[in-house]
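Chemist: I am attaching a structure below and will ask some questions about it afterwards.
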Amino acid sequence: MSGKHQIKVLPSGLVLQVDEGETVYEALLRNNVPIAVVCGGKGVCGKCGMRVLKGVSSPPTVKEEKWAQVLGGDVRLACQVRMLSDGVIELNQAAATAKAKILTWGQEVKTEVDPAVTRREVLLPTPSLEDQRADLERLLQAVGVQSYDGYLLRKLSDCLWGSKFDVEAVLYDGELIDVRPKVPKAGVYGIAFDIGTTTIVGYLYDLESGKLVSVRSSYNDQIRYGEDVISRIEFASKGQENTSKMQDAVVGTINNIIADLLKTANIDKDDVYDIVCAGNTIMASFLLGSSCYHSSRTPYIPPFTSPVRVKARDLHLNSNPSGYLKTLPSISAYVGGDLVADILVSEIYKHEGPVALVDLGTNGEVIVKTEDDFMATSC
Ligand code: FES
């Protein structure tokens, strides 16, 4: 009874392989089976309850014996139990599914549209023996910029020659990031993401009109590694492989939401040039692949608090590869860009006298503005 074992997981009926020495929880994670837990596999939350219906399993651990008094005698913890033979297990419903309503609406604040992304129509002089400038230099001079993304060289010549040098240039803060044929109705779009510990909401905007085109949401796939930020930090701190899993989970969720938004609005992914993310400091750090180990221990130092900008292709995002993803600035390890967004949108700084702003989520934040100071805390 050693080596690998096959187990059938109910209620889904999925059959998966459990490696020698691996807990059922680890096998579920490795096979991308969703499981809603809080403690990230430490035997503390009791959320990973399951039953062994068939097969031989390891004897209950001390933690399981404690939880059996609460959950019932035959309930095991997936994060503790190891299968010693082939078998059948049944996850409890709370662990197998986690359904809740995601808040995606709110009061819209009128604001002036000033996008980082702009586009410009350019009709270039056609090359000749008298004008032998290269394609790139010809385009840069016509657009009047020097900064460009070298990635566009992959398509530049085909686009210019195929469009008879009558094209559209796309710029991001003055950097030439794309050249494309003039296609009627092709726009430039951006997506604002609210990256919560539990849920992620994406808002697709037309960057020229400022109009909201579509909204989609999903659970943050990181839930499988723990429901709260501390559990996730513990998981990610176990090594680079786990930190990468945390990043892959949030990027995967973002990409699924983008695909959903684009399908609904019938928009091409290459027309999405800007992605802005507001989230707590830990979520922003995981998104960019940082380990947050030192955020959870005194003196609570986060990997970064400045706004960070990376090329979409560096994160394998489902958008134009030359566009950018940027995060809002954070304030400290536990007061993040989501609260900065709250402050900006609520304009709490314009209010006189003591006033409080409360952001209720899996992690809650409170900010109090006195006459001459701001104080913030989170839990
Ligand atoms: S008790 Fe198993 S994941 Fe929390």
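Chemist: What residue, among those in the stretch 48-63 that are farther than 14 Å from H5 by Cα and of a type in the set (K, R), is nearest to the ligand (Cβ to nearest atom)? Reasoning before the result, please.
Modeler: To start, the set of residues in the stretch 48-63 that are farther than 14 Å from H5 by Cα comprises 48-51, 53, 59-63.
Cutting the leftovers down to of a type in the set (K, R) gives us 51, 63.
Numbers: R51: 14, K63: 7 Å.
The extreme case among them is K63.
Chemist: Now a separate question. Which one is least open to solvent (accessible area, probe 1.4 Å) among residues in the stretch 160-179 that are within 28 Å of D114 (Cβ to Cβ) and free of Cβ contacts under 8 Å to residues at least 40 places away in the same chain?
Modeler: L176
Chemist: Let me ask another. Taking strands (runs of 3 or more DSSP E) that do not extend beyond the stretch 209-311, which have at least 3 residues that are polar (S, T, N, Q)? Don't jump to the end; show me each part of the working.
Modeler: Numbers: elements: 212-219, 272-279, 309-311.
Answer list for the stretch 209-311: 212-219.
Chemist: Here's something else I'd like to know. I'd like to check something: does the stretch 233-241 contain any residue that is away from the ligand (no atom under 16 Å from the Cβ) and either touching a residue at least 40 places away in the same chain (Cβ under 8 Å) or polar (S, T, N, Q) (or both)?
Modeler: Restricting attention to the stretch 233-241, the residues satisfying the condition of being away from the ligand (no atom under 16 Å from the Cβ) are 237, 239-241.
Now drop any that are not either touching a residue at least 40 places away in the same chain (Cβ under 8 Å) or polar (S, T, N, Q) (or both), which leaves 237, 240.
Yes, the stretch 233-241 contains at least one residue that is away from the ligand (no atom under 16 Å from the Cβ) and either touching a residue at least 40 places away in the same chain (Cβ under 8 Å) or polar (S, T, N, Q) (or both).
Chemist: Looking at T97, T104, T111, which one is within 35 Å of the chain's Cα centre (by Cα), at pLDDT below 85 and within 16 Å of the ligand (Cβ to nearest atom)?
Modeler: T97
Chemist: Of the residues in the stretch 276-307, how many are at negative phi and either under 14 Å from the mean Cα position of the chain (by Cα) or of a type in the set (S, T, Y) (or both)?
Modeler: We begin by selecting, within the stretch 276-307, every residue at negative phi; these are 276-288, 290-299, 301-307.
Filter again for either under 14 Å from the mean Cα position of the chain (by Cα) or of a type in the set (S, T, Y) (or both), leaving 276-288, 290-291, 293, 295-296, 298, 305-306.
Final tally of qualifying residues: 21.
Chemist: If you scan the stretch 285-321, which residues turn out to be in contact (Cβ under 8 Å) with a residue 60 or more places away in the chain, open to solvent by 10 Å² or more (accessible area, probe 1.4 Å) and within 28 Å of T377 (Cβ to Cβ)?
Modeler: If the condition is that a residue be in contact (Cβ under 8 Å) with a residue 60 or more places away in the chain, open to solvent by 10 Å² or more (accessible area, probe 1.4 Å) and within 28 Å of T377 (Cβ to Cβ), then Y293, S296 are the ones that fit.
Chemist: Condition test on A333, is it in contact with a Pro (Cβ under 6 Å, 6 or more places away or on another chain), surrounded by 11 or more Cβ atoms within 10 Å (Cβ to Cβ) and farther than 30 Å from G150 by Cβ?
Modeler: Details: in contact with a Pro (Cβ under 6 Å, 6 or more places away or on another chain): yes; surrounded by 11 or more Cβ atoms within 10 Å (Cβ to Cβ): yes; farther than 30 Å from G150 by Cβ: yes.
Against the criterion (in contact with a Pro (Cβ under 6 Å, 6 or more places away or on another chain), surrounded by 11 or more Cβ atoms within 10 Å (Cβ to Cβ) and farther than 30 Å from G150 by Cβ), A333 qualifies.
Chemist: Give the residue that is most open to solvent (accessible area, probe 1.4 Å), with candidates limited to residues of the stretch 249-284 that are under 17 Å from P321 (Cα atoms) and acidic (D, E).
Modeler: Selected residue: D268.
This table checks each residue for (1) at pLDDT 90 or above; (2) touching a Cys at 6+ places or on another chain (Cβ under 7 Å).
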position: S2; (1), (2): no, no
position: I7; (1), (2): yes, no
position: S12; (1), (2): no, no
position: T23; (1), (2): yes, yes
position: K54; (1), (2): yes, no
position: K63; (1), (2): yes, no
position: A68; (1), (2): no, no
position: A78; (1), (2): yes, yes
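The values are calculated or read from the model by the stated rules, or taken from the named source; none is laboratory data. Owing to the predicted nature of the structure, the values given are computational and were not obtained by experimental measurement. Reconstructed Cβ throughout: ideal geometry from the backbone, glycine too, with neighbour counts over all protein chains shown. Ligands, DNA and RNA are excluded from the accessible area calculation, which covers all protein heavy atoms including side chains. Shrake-Rupley method; radii C 1.70, N 1.55, O 1.52, S 1.80 Å.
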